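One structure is given here, and the rest of the page talks about it.
The values are calculated or read from the model by the stated rules, or taken from the named source; none is laboratory data. None of the values given here were measured: they were computed from a predicted structure. Ideal geometry is used to build each Cβ from the backbone, glycine not excepted, and the neighbour counts take in all protein chains shown. Just so you know, the surface numbers come from the protein's heavy atoms only, side chains and all, with ligands and any DNA or RNA stripped out. Shrake-Rupley method; radii C 1.70, N 1.55, O 1.52, S 1.80 Å.
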Amino acid sequence: MRIGICDDDSLFTEQLIEYTKEFFKRNHLKCPEILVFDSGEALLSDTRQKDIVFLDIEMPGLSGISVGNELTRINKNIIIIIITAYAEYLDEAMRFQVFRYLSKPLEKQRLFRNLKDALQVYSQFTHKLPIEAKKGVYTVSASDIILVEAVNKKNIIHTVSSDYESVKTIAQWSELLPSNLFFQTHRSFIVNFMHVSDFDHSLIHLYGNQFTAYLTRRKYTEFKTAYLLYLESVR
């Protein structure tokens, strides 16, 4: 994991680094590499992958809004926590996959809560799963699995890059997949909340409407509740 901080306020940055290191120490976790940038241009010119970025909205030169848009274009799974002293910037910032926001002056406990939530989401993105197929074993990220489908006595794992015929059953996949990210909507379908486009009482569309899964009526309310909780967790 790598954390980026982009803010032209050096005192604020020093405090953020101090609190971030304290958070990882308190939770008995190894502190990740922390990269510091004083401008959006400097951040975007750095080619190293960043998993979590603290991004100031109002900086000289390239605005935080522009930087945030570019970061999400480069990496759709990046976790951006925006920093602002001005609430009027929040509406515009929310257009680009903002995870949380911090206000100045920095509140330690709010930062700790945000970091805890960010680590949970990061673990979802990076969780690796083996798919045992007839032709071999393939390793994929849980976030790349769109849905699991049982069709014509075959169990197909649809991912963003390929489809795999798994030797495991739907029931086995239901036990294996993280419950906060996946939901079995029907005896023949398990869907990934990350890729849900829309749904009604009987159908779920996924991955820009490229896939469809059945949703049984008796599971509609449970699925809706779980999906809204998922969305709340990644806001």
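Compare 57, 34, 78 in a GNM of the chain, Cα atoms joined below 10 Å, and give the one with the largest fluctuation. In this elastic network of the chain, the residue with the biggest mean-square fluctuation among 57, 34, 78 is 34. Between 29, 176, 71, the residue with the greatest mean-square fluctuation in the GNM of the chain (Cα pairs under 10 Å linked by springs) is 29. Surface analysis of the range 1-149 yields an accessible area of 52 Å² per residue, using protein heavy atoms and a 1.4 Å probe.
Annotation: extensible slack from residue 153 through residue 108 equals 10.9 nm (criterion: 0.36 nm per residue apart, minus Cα-Cα distance). For residue 38, what accessible area in Å² do you get when you roll a 1.4 Å probe over the heavy atoms of the protein chains, rounding to the nearest 10? In the full protein context, residue 38 sits at about 100 Å². Sorting 59, 1, 194 by accessible area puts them as 1, 194, 59; the probe is 1.4 Å, largest comes first, and only protein heavy atoms count.
Relative to the Cα centre, what is the charge dipole magnitude of the range 115-235, using +1 at the beta carbon of each Lys and Arg, -1 at the beta carbon of each Asp and Glu, and rounding to the nearest 20 debye?
On the way: 13 positive and 11 negative charges, 62 e Å.
Once rounded to the nearest 20, the dipole reads 300 debye.
When 168, 76 are compared by accessible surface with a 1.4 Å probe, the order from highest to lowest is 76, 168.
For residue 216 and residue 25, the FRET efficiency from 1/(1 + (r/R0)^6), where r spans their Cβ atoms and R0 equals 41 Å, is about 0.30.
How high is the FRET efficiency from residue 10 to residue 162, r the C-beta distance, R0 41 Å, rounded to 0.05? After rounding, the FRET efficiency stands at 0.30. Across the range 195-202, computed HN-Hα scalar couplings (Karplus, 6.51 cos²θ - 1.76 cosθ + 1.60, θ = phi - 60°) run 9, 6, 8, 6, 7, 10, 6, 9 Hz from first to last residue, x flagging Gly and Pro.
Compute the Cα gyration tensor for the range 146-193, then decide on rounded, prolate or oblate, letting a ≥ b ≥ c be the square roots of its eigenvalues: rounded whenever a/c is under 1.5, prolate when a/b is larger than b/c in the other cases, and oblate in all that remain. Note, shape of the range 146-193 comes out oblate.
Computed on protein heavy atoms with a 1.4 Å probe, the accessible areas place 72, 20 in the order 72, 20, largest first. Computed from backbone phi with θ = phi - 60° and the Karplus coefficients 6.51, -1.76 and 1.60, the 3J(HN,Hα) list for the range 9-21 is 9, 5, 5, 5, 4, 4, 5, 5, 5, 4, 5, 5, 5 Hz; x is used for glycine and proline. Here residue 168 is the anchor, and the lysines within straight C-alpha reach of less than 18 Å, apart from those fewer than 8 places off in the same chain, are 128, 134, 135, 153, 154.
Judged by the ratio a/c of the largest to the smallest principal axis of the C-alpha gyration tensor, the range 1-48 counts as oblate, that ratio being 1.5 or greater while a/b is no larger than b/c. A probe of 1.4 angstrom, applied to the heavy atoms of all protein chains, finds residue 16 with accessible area near 0 square angstrom.
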